[in-house]
1. Could you work out the relative contact order of segment 7-155? I mean the mean sequence separation of Cα pairs under 8 Å and 6+ apart, divided by the number of residues, in percent.
2. If you place +1 on the Cβ of every Lys and Arg, -1 on the Cβ of every Asp and Glu, and leave all else neutral, what size is the dipole of segment 3-216 about its Cα centre, to the nearest 20 Debye?
3. Could you check the spin-label model distance between Ala29 and Glu208? Points 7 Å from the Cα along Cα→Cβ, value in nm.
4. Can you work out the FRET efficiency for the pair Glu64 and Ala216, with r the C-beta to C-beta distance and R0 = 45 Å, to the nearest 0.05?
5. What is the Cα convex hull volume of segment 128-208 when expressed per residue in Å³?
6. Whole percent per 5 Å bin, from 0 to the bin with the longest distance: what is P(r) over all C-alpha pairs of segment 51-173?
7. Using modelled backbone amide H atoms (1.01 Å from N, in-plane), which distant-in-sequence or interchain residues come within less than 5 Å of Val130's amide H?
8. Can you give me the Rg/Rh ratio for segment 1-95, using Cα atoms for both radii and the Kirkwood formula for Rh?
Amino acid sequence: MPLARIGSTLLHFIHVPKTGGASVETYLAQKGALALKHPTRLNWSATTAQHMAANVHERLVPAEFCDHAFAVLRNPLDRLRSEWRWRRERMETRAPFSAWALTTLQMTRDDPLVNDNHTRPQVDFLREGVRLFHYSHGLDPVFDWIDSTTGTPPADRDLQMNRTSSVKSPITDEARAEIRKFYAKDYALLSRINRSGLNGATRNEIDEAIQQQRDAS
């Protein structure tokens, strides 16, 4: 969960794996110093520092410690496909997507920390007050918000980070149903974000926008 000191502003980037986080970290690093980021797991943590879930980072980085916190969320199926492609490129699996997904979801049920939290539900990383960006809108809105919030000019956005292959694999009805079930809370949150029409809002702001829509109807 990298911290970024940019001028007088301290940002807490809640890095949900496979949601464009490497590109966001690179953008932040162009503007200031990063902390709580390390390529390998350290002795004191069950995961790498940048992939800590909320039950850990809430203790290490209290909400009031930082000026702002933000995260990028992604459609769970797309996120899981990205993870599968990444592991295929690393020769860690040759299994078709559906078979790999069913096995991986069961492993994650048994141990949420498996795979460095890469397949853990996204809601497990979030706490109150975090600004939520939808990956489907691209990362430019995230970069714009970083620029505006820190009062700094735009940095290089041609980052080309962690591009995975476009290899495809059919998804079975069983795998699709299991993914919907396992990531039900993620789907529900993303649905609320879409319904609110907001991008980069907190959960409270999202709920307020939806309530205003109801009141106006």
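1. Numbers: 158 pairs, mean separation 54.6, N = 149.
Averaging sequence separation for qualifying contacts and normalising by length gives 37 percent for segment 7-155.
2. Details: 29 positive and 26 negative charges, 131 e Å.
Once rounded to the nearest 20, the dipole reads 640 debye.
3. Output for this residue pair reads 3.6 nm.
4. Working: r = 34 Å, r/R0 = 0.76.
About 0.85, to the nearest 0.05.
5. Working: hull volume 10.8 nm³, N = 81.
So the per-residue Cα hull volume is 134 Å³.
6. For segment 51-173, the binned pair fractions read 2, 9, 16, 18, 18, 16, 11, 6, 3, 0 percent.
7. Arg203
8. On the way: Rg = 14.5 Å, Rh = 14.4 Å.
Rounded to two decimals, Rg/Rh equals 1.00.
Just so you know, all these numbers are worked out from the coordinates, no wet-lab data involved. The structure presented is a predicted model; accordingly, all values stated were derived computationally and were not measured. With ideal geometry, Cβ positions are generated from the backbone for all residues, glycine too; neighbour counts draw on all protein chains shown.
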